[in-house]
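A short write-up of the structure that comes next.
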Amino acid sequence: MGVNRTIRLLLLFLAVLPAVSLAGCEGNDKGSSPSNPASAAPAPAEAAAGNVYKDKYDPEVTITTVWGVDPELKFKNGETIEHNVATRWAREMFGINIKSLWSITDTNGAFGTKLRLAMSSGQEMPDIVTIGTADSALAQDLIDSGMYAEVGGLFDAYASETWKKAMAQDPDVWNPYSRGSRKMGLPVLDYAYNHDYILWYRQDWLDKLHMQVPATLGELEKVMEAFKTRNPDGLAPEQVTPLSIGFKTTMNTWMGDPSWIFGAYGALPQQWNMGRDGKLEYGSVNPGIKRGLAKLKEWLGKGYIPQEAALWDENKTAEPAVAGTAGIIPGPYWMSGWPLQDTLQNAPDAVWTPGIIPAGPDGTVMRHGTPFANGVTLISKAMQHPEAFFTYENYLFDNFANPQPGSGLEYGLFAGYDYELSASGRMLPSDKISGGYVNSIRYLLVRDGARVPYAQLEAMLNLADGKAPSTRLEKDISVNYGKGTPAAAKVLLEQKDKSYKDRFTGPATATMKSRLDYLNSLENEVFSAIIYGERPLAAFETFVAAWQAGGGEQITREVNEWHDSVRDDGS
């Protein structure tokens, strides 16, 4: 109870403040409320003369955009990304016509390629474009193109108080999209700790072996050995994946992540961490990495981790877990719903339970922390009504991000698409929606619509403490997430002080642009070769020297110059 009380106080201090409803939803042309701030702050220079924030535009205004469509995104009722329930809603609710310049199925980076081509060939560029972190280099190139506006003044003038308070939960989210004091993009907020990981264990296997969830690496090794050689389901040793991890593209990811193994020795690879001297250091050159590589090599030799781990991405690591042949997998607290719930199709008696990250030989625990943003929205300098975007997004923050009963979107976005109510008014599970569930949030101008970082965790803790679901988030969790998700969130937060986010959150430095691809390739090659015994453990020191000489030393200077400038600004 003491841990939970501390967590709740933290959330109450940092997190979700009561939603501020949009005032005057009758289509005011002027006023001084947060949702109508024209009189509270002058319109920025980027806004066209005479534009005044409105709750609804008459005549309507047009916002142009472009779409990279997830190939898994579904449509219903004959709709398309250009014309759908969300575009109709924007027109009817706000007098905003969302016009698509083009769309493309986003496979193999097709969206980024097409957007770069449009930029370089002088084609019309969108008023609003949202880009995920996977395309961060593209976002930086668009910012540096000079086509997109400084947004700090627009945000100060037009963003609602709910949105501003959400953004203030981690001011560092602005850093990647800032140039000095100029804020060049609106960070797309994500839920706090959303991709931090815990370890998920087959509790039914532990019970049959009379073992407990391990708290140390030593205990973990005993569990992995038992899962493999004394498997409770009768699987032969070669059929079992005791610990399902993969590092095809990175040692620092969201599912099947191996970075906590290095964290047991005081290092987190492939991110910038605070060194003992108060300077930022690149985690992959910390001496603790060598001990982590040795441990991974040992576990590979004993068959504790997949022989193909170097070829496995995040989704691949889920396959043995779902197949019922893996005993442990690192992943987020919400994994009990997806993909682990699917394990029951192959192993009907399977029970997954969340566990803390086990400590290293000296008690050290470190895990990768989740950034509070997962992308950026850019606003064109040529946009005639930039304030109209805030009309749209303010409503989502005030009525959808963490709505209370009675708000316009207290159950979801669009009935019959992302939610449906029963005859008695109860929210149905998403797989019971007539005609099929559609993730209509992806039809919106901004990825994920609107999120207040700490809101989901607050909802999880409420449910874990036995509260009856009343808010949209609580109802969504109770009907669509795995039953163990709220309890898993509490396990995650037991080690909240063991989460370490990447401390470098600025745009790529000059040397990164020219040398980082080479350095990353060198790192992946050497680490994999050490784990697979193709090179001796001493190759780590050789790698560190090559990394420093190949541009790493200069990158470290540039990163710390950036860090000093941020601290000088009081951030």
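For this structure, a couple of remarks:
- Pair list, Cβ < 7 Å and 6+ apart or interchain, from region 467-484 residues that are open to solvent by 20 Å² or more (accessible area, probe 1.4 Å) to residues that are among the hydrophobic types (A, V, I, L, M, F, W, C) and part of a helix (DSSP H, G or I): Pro469/Leu463; Ser478/Leu463; Tyr481/Trp334
- Only listed residue being touching a residue at least 40 places away in the same chain (Cβ under 8 Å), more than 27 Å from Gly408 (Cα to Cα) and touching a Lys or Arg at 6+ places or on another chain (Cβ under 6 Å), chosen from Val173, Val151: Val151
- Considering (1) part of a loop (DSSP other than H, G, I, E, B); (2) under 22 Å from Pro358 (Cα atoms); (3) touching a residue at least 60 places away in the same chain (Cβ under 8 Å), the lone condition that Thr250 does not fulfil carries the number (3).
- Looking only at region 124-142, and only at residues there that are open to solvent by 10 Å² or more (accessible area, probe 1.4 Å) and modelled with pLDDT of 95 or more, the one that is farthest from Arg442 (Cα to Cα): Glu124
- Qualifying residue in region 287-297 (condition: within 26 Å of the chain's Cα centre (by Cα) and of a type outside the set (Ser, Thr, Tyr)): yes
- Residues of region 109-145 satisfying the condition of being polar (S, T, N, Q), in a helix (DSSP H, G or I) and within 18 Å of the chain's Cα centre (by Cα): Thr133, Ser136
- Residue within region 192-203 that is surrounded by 15 or more Cβ atoms within 10 Å (Cβ to Cβ), at pLDDT 95 or above, among the basic types (Lys, Arg) and under 30 Å from Arg230 (Cβ atoms) present: yes
- Enumeration of residues in region 496-510 that are open to solvent by 20 Å² or more (accessible area, probe 1.4 Å) and either within 24 Å of Ala350 (Cβ to Cβ) or among the polar types (S, T, N, Q) (or both): Ser499, Thr505
- All of (1) hydrophobic (A, V, I, L, M, F, W, C); (2) open to solvent by less than 60 Å² (accessible area, probe 1.4 Å); (3) modelled with pLDDT under 95 hold for Phe527 with one exception: (3).
- Within region 454-478, being over 27 Å from Ala168 (Cβ atoms) and more than 22 Å from the chain's Cα centre (by Cα) holds for Gly466, Ala468, Pro469.
- Qualifying residue in region 505-522 (condition: touching a Lys or Arg at 6+ places or on another chain (Cβ under 8 Å) and either over 30 Å from Ser565 (Cβ atoms) or outside any loop (DSSP other than H, G, I, E, B) (or both)): no
- Some residue of region 388-397 being in contact (Cβ under 8 Å) with a residue 12 or more places away in the chain, in a loop (DSSP other than H, G, I, E, B) and not β-branched (Val, Ile, Thr): no
The values are calculated or read from the model by the stated rules, or taken from the named source; none is laboratory data. Note that this is a predicted model, so its numbers are computed, not measured. Cβ: placed from backbone, ideal geometry, glycine included. Neighbour counts: every protein chain shown. Surface accessibility is based on the protein's heavy atoms, side chains included, excluding ligands, DNA and RNA. Shrake-Rupley method; radii C 1.70, N 1.55, O 1.52, S 1.80 Å.
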